[in-house]
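Laboratory data are not the source of any read-out in this text; all were calculated from the coordinates shown. Just so it is clear, the structure is predicted and the values come from calculations on it, not from any experiment. Cβ atoms come from the backbone with ideal geometry, glycine included; neighbour counts cover every protein chain shown.
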Amino acid sequence: MEKGDYYFGYSHLPSHTLILPKSTFTITILRDPSKRIISQYKELCYYKNKGIDNPFMNYIGNSFRDFFMNVPPHELMQQLYMFSPVMDVNEAFDKIISCNHYFFTDKYKTGHEQLCKKLNINLPYVHERKAPFNSEILESEIDELKEKLYLEYVLFDRLIELSK
């Protein structure tokens, strides 16, 4: 990907670990931080029940709270870390807004349409990977998680405000 020999590239590697050609069109899609962690937990529970291995399985513990308490900060606030190796909100904000396009999962259809218009191409609208697993998660756990995700919420809220 770093050589630029592609029409479309996709990575979950932190942006600060990639050296892309200057002409690369960059896109990022952001998700409400606690919803992202809840989704990741449900996916891991599904994998656990199906016997599917995943590197995050050692964080799962016996409850949702165990999971988010076990996950290292750079993984827990992955959207922040993706754009700042020191998890600095201002640095991440500046790098995200320098992307050619960014949008939010809760406005996915609109963001997708805007991207198609910007690129003047018709990309199929697809929703993939929804883990069919339900787990009881307490409001008190979500509140505690949101406290742990404070910095990522600061970033997320600034980006939402800017996109209005």
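Here are some notes:
- Here's the list of lysines a cross-link from LYS42 could span, going by alpha-carbon distance under 30 Å and ignoring same-chain residues fewer than 8 apart: LYS50, LYS95, LYS107, LYS109, LYS130, LYS146, LYS148.
- Working from label points 7 Å from Cα in the Cα-to-Cβ sense, the ASP106 to ASN54 distance is 2.3 nm.
- Linear extension gain, ILE121 paired with ASP88, 0.36 nm per residue minus alpha-carbon span: 8.4 nm
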